[in-house]
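Let me begin by presenting the structure, written as structure tokens, before commenting on it.
The values are calculated or read from the model by the stated rules, or taken from the named source; none is laboratory data. Just so you know, these numbers come straight off a predicted model, no measurement behind them. Cβ placement follows ideal geometry from the backbone for every residue including glycine, while neighbour counts extend to all protein chains displayed.
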């Protein structure tokens, strides 16, 4: 990203619902932003992304329920920011950029499915997903988008093990619906 020495980090003092953010976290973020955002700066696309992630870290820290006050706001905001950057880059790294030459080689190799086969597979997937209950369908969509089991479970407010059990039950019910719907007449 190459730090632009003229970039000025700025933060909103309220969240998206208009609630004020923790003043100590805001002050800590403003104080250490230039140094803090050097963390994995080559992998982030620009200063504004770093600013956005730091804003999210401030908001997350302000919303968090704690039994004790934060003793070291700078260490706290640093920890949260590092976690947000790592998670973002982990998600982005699941997508592999491919050079045009490699794509051309794959296209000419004959190992690529035809457009018709890809479209057919997509239609089959949509038919299967239409037979899923809403929660199983949503979990499937998140999985296809690259979210981890841990992230999905956290979003749904459940443990990863509970998510696995519930998702497998949903898939079993979907498989049963598929067998019932597509049962051949001679097998009834």
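Filter the stretch 123-148 down to the residues that are part of a helix (DSSP H, G or I) and either in contact (Cβ under 8 Å) with a residue 40 or more places away in the chain or in contact with a strand residue (DSSP E or B) (Cβ under 9 Å, 6 or more places away or on another chain) (or both) and list them by number.
Once the filter is applied, which keeps residues that are part of a helix (DSSP H, G or I) and either in contact (Cβ under 8 Å) with a residue 40 or more places away in the chain or in contact with a strand residue (DSSP E or B) (Cβ under 9 Å, 6 or more places away or on another chain) (or both), the stretch 123-148 yields only 128.
What number of residues in the stretch 63-77 are surrounded by fewer than 19 Cβ atoms within 10 Å (Cβ to Cβ) and modelled with pLDDT of 90 or more?
Looking only at that region, the number is 4.
List the number of the failed condition for residue 16; all other conditions in (1) under 24 Å from the mean Cα position of the chain (by Cα); (2) assigned by TED's automatic domain parsing to the domain that holds residue 87 hold.
(2)
Among the residues of the stretch 1-26, write down those that are at pLDDT 90 or above and either under 25 Å from residue 92 (Cα atoms) or surrounded by 14 or more Cβ atoms within 10 Å (Cβ to Cβ) (or both).
11, 21, 22, 24, 25, 26
For residues that are at pLDDT below 90 and exposed (fewer than 12 other Cβ atoms within 10 Å of the Cβ), scanning just the stretch 158-182, find the one that is farthest from residue 136 (Cα to Cα).
Residue satisfying both the conditions and the ranking: 182.
For residue 56, indicate whether it is in the same structural domain as residue 84 (by TED's automatic domain parsing) and exposed (fewer than 13 other Cβ atoms within 10 Å of the Cβ).
Judged against the criteria, residue 56 is not a match.
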